[in-house]
Amino acid sequence: MKVKVLSRNPDDYVRETKQDLQRVPRNYDPALHPFEVPREYTRALNATKLDRVFAKPFLASLDGHRDGVNCMAKHPHSLSTVLSGACDGEVKIWNLMKRECIRTLQAHEGFVRGICTRFCGTSFFTVGDDKTVKHWKMEGPAYGEPEEPIHTILGKTVYTGIDHHLKEPVFATCGHQVDIWNEQRTSPLCSLTWGVDSISSVKFNPIEMYLLGSCASDRNIVLYDMRQSTALKKVILDMRTNTLSWNPMEASIFTAANEDYNLYTFDMRFLDKPLMVHMDHVSAVLDVDYSPTGKEFVSASFDKSIRIFPVDKGHSREVYHTKRMQHVITVKWTMDNKYILCGSDEMNIRLWKANASEKLGVLSPREKASMLYNQKLKEKFQHHPQIKRIACHRHLPKMIYSQAKELRIMREASRRKELNRRKHSKPGSVPFMSEKKKHIVAVVK
């Protein structure tokens, strides 16, 4: 009978003298490497550090305006074409590939309040302080021809914003009220109003195209239905909302930029509390625009910075600023999800990368594989303290840093005060109020 036994040579694991190093058995199969996790951690750490080293998001500055840039619009079919309107009534059309202005026209007297392109991309609309809505061709006039609009509508009040329907020859303007217009008519199809104050911005829903959202100066966000020509519901916040942007992937989600330094992401079906409060800015938020993926949005603020927020996170993942950039009035995320454009007070339009450390141009297969591998490693170890600290750290201008510190102290003080009040009051008399519900005054249907 044969008995199988383990047989090992003592020379493989026994030391000859006490001074020798311990002999450790090793498996040379790379799939079973004993230090796999420490190795991956080091690679993730290096990838995170290199990300911060190569984070150079600023690409170009488009200068040519003679006054502050007040509004911008994207071309629906051309990635390289962008339109901008300034505070002196001038509209410029830019070619982003050449980084130059290809056409300039004097559209209005006074501010250009709003600009939007037609869904086919052959023409665009502008509104201004001179109480007019003008329809322009995207192509410039032939040599010797005067620069004139296709169509001009003279209104009774100043229009403060404009947006075009994505499939029909219909557009909406706002001012004293929200007006829905047909391109062929000089009087509005219908006028929508709820309350008496002026309306600062109006936006069509990109999915449910008959829905509109508007922001009024009496702190309201009002939703309208174009089919019934009625207002659906409104939510009243603590402070005024400057503008809103609809999520291009989820029909009922929109984000509002508020004067109280925060942004609020709402589900239009449940307006009694926002889905998320996005806090990081230290001054009024003036504009917001979604990325085409619907997973992130970019916000422009009076604090001279722009921030990129994930939709489901309360804090920004990125902040962009320069020494020369003043109050940022308008911001747009390009349709290829790669770039961000912002227009500011000091007459410049700036072009930024949406992903600060992304390498532009064609990647070789090895570069692409390495980039994807590093990305997965960073995701795997993103919650480790050292990696999290390096990935989240941003250098801020002194003004923003000190104001953020002051805001933190104020929030802590109000929290402490509420705690003390609750401690010295009758149980249940001081209710707990969540951060989400704190800023909502009422919902009216």
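Results, tabulated for the structure shown:
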{"quantity": "Cα gyration tensor shape for the stretch 13-165, rounded if a/c is under 1.5, else prolate or oblate", "calculated": "prolate"}
{"quantity": "With all protein chains modelled, accessible area of residue 151 [1.4 Å, Å²]", "calculated": "50"}
{"quantity": "Accessible surface of the chain [probe 1.4 Å, protein heavy atoms]: carbon and sulfur percent", "calculated": "55"}
{"quantity": "Accessible area of the stretch 215-311 divided out per residue, in Å², using a probe of 1.4 angstrom", "calculated": "31"}
{"quantity": "Highest average packing first - 407-415, 99-107, 246-254, Cβ atoms within 10 Å", "calculated": "246-254, 99-107, 407-415"}
{"quantity": "Spacing of the two label points (7 Å from each Cα toward its C-beta) at residue 293 and residue 39, in nm", "calculated": "2.9"}
{"quantity": "The stretch 286-445 shape via C-alpha gyration tensor axes, a/c threshold 1.5", "calculated": "prolate"}
{"quantity": "Overall form of the chain per C-alpha gyration tensor (a/c, 1.5; a/b vs b/c)", "calculated": "prolate"}
{"quantity": "Relative packing of 167-176, 308-317, which averages over residues the other C-beta atoms within 10 Å, highest first", "calculated": "167-176, 308-317"}
{"quantity": "Efficiency of FRET from Cβ geometry, residue 410 and residue 436, R₀ 22 Å, rounded to 0.05", "calculated": "0.70"}
{"quantity": "Gain on full stretching of the segment that runs from residue 80 to residue 193 - 0.36 nm per residue minus C-alpha separation", "calculated": "37.0 nm"}
{"quantity": "Heavy atoms of residue 111 accessible to a 1.4 Å probe, total area in Å² rounded to 10", "calculated": "70"}
{"quantity": "Area accessible to solvent at residue 272, 1.4 Å probe radius, in Å²", "calculated": "90"}
{"quantity": "Tilt relative to the chain, helix 398-423 - C-alpha long axis, 0 to 90 degrees, to 10", "calculated": "80"}
{"quantity": "Largest-first ordering by accessible area, 1.4 Å probe, given options 290, 339, 28", "calculated": "28, 339, 290"}
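The values are calculated or read from the model by the stated rules, or taken from the named source; none is laboratory data. Just so you know, these numbers come straight off a predicted model, no measurement behind them. Cβ sites come from the backbone with ideal geometry, for glycine too, and all protein chains shown count toward neighbours. SASA here: full protein model, heavy atoms, side chains in, ligands and nucleic acids out. Shrake-Rupley method; radii C 1.70, N 1.55, O 1.52, S 1.80 Å.
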